[in-house]
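Please treat every number below as a calculation from the coordinates, not as lab data. Values in this document were obtained by computation on a predicted structure and should not be read as measured data. Heads up, the Cβs are rebuilt from the backbone with ideal geometry, glycines too, and the neighbour counts pull from every protein chain shown.
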Amino acid sequence: MRRIEPRAGWWRTTAFRVTLLHLGLTLLGTLALSAVVWWATTGFALRQLSQEVEHDTGVLLQAGRLGGIASLAVSIDARIAADTNGTQYFLLAAPDGARLAGNLASAPRAPGWGRLRLERSGAAPETELLGFGTALPGGGFLVVARDVAPVRRLETLLLGAAGWVGGAAMLLGLGGGVLIGRSVTRRAAAMDAALARVEAGEIGHRLPVRGGGDEFDRLAQRINAALDRVQGLMQTLRQVTDDIAHDLRTPLNRLRQRLEAMLRSPAKDWRGSIEAAIAEADHLLEIFAALLRIAQVESGARRAGFTRCDLSAIAETTAEVYAPAAEERGQRLETAIAPGIACQGDRELLTQLLANLLDNAVKHGRPGGRIAVTLDPMALVVADDGPGIPAGERELALRRFHRLDAARSTPGSGLGLALVAAVAELHGMALRLEDHQPGLRVVLSLPA
């Protein structure tokens, strides 16, 4: 007995794993985007500070050139007084390093850009400054600086926003993964339960289909179609078994009776009984050969050898073969076969199909009547003007061993139309039995 694996939880479903993968990629994308935004925003803020420092430095140097050191010191004091945010820092130093103006106690006497640390009293953190130093004519030195605290606050804000966005994306992704995983698990569990019922013997049970048209519905429809096919084959197998048991009983009983009669009769009289027994055995072998042929056709194994077949030539040749048999019964075999009609198929099986139809038409058609074979791009039709088949028995006539009461007096096994139906289905042809008024009209619709 095969071992059934335990049912997987929603966290082990493919949907949940795909959701986690998507979540990971989303987080990586969020991190990359946040890094780009952080770099661009903080870089822009630092460039703004640099431009402000450069502008102030230029203005102060112009004031110094026009009014000297005194005018430069007055301009620095005015800017400090106007700075309500407390982010602007200046230092005007004499050649000996003494502070002449500004709110910086000291600064390196290095020209160009530099970072300064402003010590605070008590426990207050030190202030980071972005400054630019300029050597003045006569040995003085000017430093203009800006507090970078606003830039640091912006960086902190951006990092916090990225954290919130990443956390929200993770929570939403995990929540979506849980919901999708549980939904997939429920659908899979329903399909698993349905297949378990089929496995337990409820061959008529089918997988649930919601009607949404998603991949689960398409898979369920495909499995249901396969189960319908299996159920049909099982019913056909049971019917064939019953038919074989019923229809072969009579010839086997006749064969046994002939053999018993031979035992009771003198050896010199055995020849006739032996010939009759051989005929019965041949008839049984023909039945079994026909059954095997039908089984082979229904299995689809012959489909692998399909080639391009000239259906018009097959119809013409088969009609010519059966023309003498029709003449013996005084029947007219008329053909209206369009040339050049071809299809993918097995030439031998297509010939057998048409031969069975013409054989039935000749045997069961009216003596002195008319048999018509018509082929066009749409359909292959074989019609006779015999007694035909009642509407209620046309479906049964396609079953193995089924014979009409009127046909039981003629030789046959009831497998001709069954083989025709099997070959037609293999080639994708739709088979219909119609009333020819009078007679039977067999229509085989050709595939496009």
>> Quick check: residue separation of Leu66 and Glu320 times 0.36 nm, minus the Cα distance between them. What number comes out in nm?
In response: 79.0 nm
>> Using a Gaussian network model on the chain with a 10 Å cutoff between Cα atoms, which of Gly392, Gly138, Gly305 fluctuates the most?
In response: Gly138
> Would you list Thr14, Thr41, Thr84 from fewest to most Cβ contacts within 10 Å?
Replying inline: Thr84, Thr14, Thr41
>> Helix-only estimate, please: 222 nm mean residue ellipticity of the chain, summing -39500 (n - 2.57) across DSSP H runs of length 4 or more and dividing by its residues, to the nearest 500.
In response: -20000 deg cm²/dmol
> Taking +1 at the Cβ of each Lys and Arg and -1 at the Cβ of each Asp and Glu, which of Thr127, Ala193, Ser75 sits farthest along the dipole of the chain towards its positive end, judged by Cα position relative to the Cα centre?
Replying inline: Thr127
>> Under 8 Å for C-alpha pairs, at least 6 residues apart: give me the relative contact order for region 300-445, rounded to a whole percent.
In response: 24 percent
> Pick from Gly416, Gly232, Gly133: which residue has the top mean-square fluctuation in a GNM of the chain where Cα pairs under 10 Å get a spring?
Replying inline: Gly133
>> For a quick check: sort Asp217, Asp435 by the number of other beta carbons within 10 angstrom, fewest at the front.
In response: Asp435, Asp217
>> Once you place label points 7 Å from the Cα toward the Cβ at Ala261 and Arg99, how far apart are they in nm?
In response: 14.1 nm
> Which of Met262, Met429, Met378, Met170 comes first, and how do the rest follow, when ranked by fewest Cβ neighbours within 10 Å?
Replying inline: Met378, Met170, Met262, Met429
> Using a Förster distance of 45 Å, how high is the FRET efficiency between Arg254 and Arg182, based on the Cβ-Cβ distance and rounded to 0.05?
Replying inline: 0.10
> Residue-wise, which Karplus ³J(HN,Hα) couplings in Hz belong to region 198-209, taking 6.51 cos²θ - 1.76 cosθ + 1.60, θ = phi - 60°, and x for glycine or proline?
Replying inline: 5, 4, 6, x, 7, 5, x, 6, 10, 6, x, 10
> Non-local amide H neighbours of Ala101 (under 5 Å, H modeled in plane, Pro and chain starts lacking H): which ones?
Replying inline: Leu92
> In debye, nearest 20: dipole of the chain around its Cα centre with unit charges on the Cβ of K, R (+) and D, E (-)?
Replying inline: 1180 debye
> Over the chain, what relative contact order in percent results from Cα pairs under 8 Å that are six or more residues apart?
Replying inline: 10 percent
> Taking a spot 7 Å from the Cα of Ala35 along the direction of its beta carbon, which residues of region 160-180 have an amide N less than 18 Å from it?
Replying inline: 160-167
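Efficiency by 1/(1 + (r/R0)^6): what FRET value for Ala168 and Arg303, r their Cβ-Cβ distance, R0 = 60 Å, to the nearest 0.05?
Details: r = 56 Å, r/R0 = 0.94.
With a Förster radius of 60 Å, E is 0.60.
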> Which one is right for this structure if volume of the Cα convex hull per residue in Å³ is calculated from it: (i) 129; (ii) 320; (iii) 194?
Replying inline: (ii)
> Residue-wise, which Karplus ³J(HN,Hα) couplings in Hz belong to region 97-105, taking 6.51 cos²θ - 1.76 cosθ + 1.60, θ = phi - 60°, and x for glycine or proline?
Replying inline: x, 6, 6, 9, 6, x, 10, 9, 5
>> Using Cα-Cα distances under 8 Å and only pairs 6 or more residues apart, what relative contact order does region 134-218 have, in percent?
In response: 12 percent
>> Between Arg47 and Glu199, how high is the FRET efficiency from 1/(1 + (r/R0)^6) when r is the Cβ-Cβ distance and R₀ = 56 Å? Nearest 0.05.
In response: 0.20
>> Placing +1 on the Cβ of each Lys and Arg and -1 on the Cβ of each Asp and Glu in the chain, which of Leu285, His205, Pro367 has its Cα farthest towards the positive end of the resulting dipole?
In response: His205
> What is the set of long-range amide H partners of Ile371 at a cut-off below 5 Å, with H atoms built 1.01 Å from backbone N?
Replying inline: Arg332, Leu333, Glu334
> Once phi is turned into θ = phi - 60°, what whole-Hz ³J(HN,Hα) does the Karplus curve with 6.51, -1.76 and 1.60 give for every residue of region 57-65, x standing for Gly and Pro?
Replying inline: 4, x, 5, 5, 5, 5, 5, x, 5
> Where does the longest stretch of the chain lie that holds no GluC sites (Glu not before Pro) found in a DSSP loop with 16 or fewer other Cβ atoms within 10 Å?
Replying inline: 203-394
> Ala342 label point, 7 Å along Cα→Cβ, cut-off 20 Å on backbone N: hits in region 318-336?
Replying inline: 318
>> Could you identify which residue out of Ala220, Ala40, Ala319 has the top mean-square fluctuation in a GNM of the chain using Cα springs shorter than 10 Å?
In response: Ala40
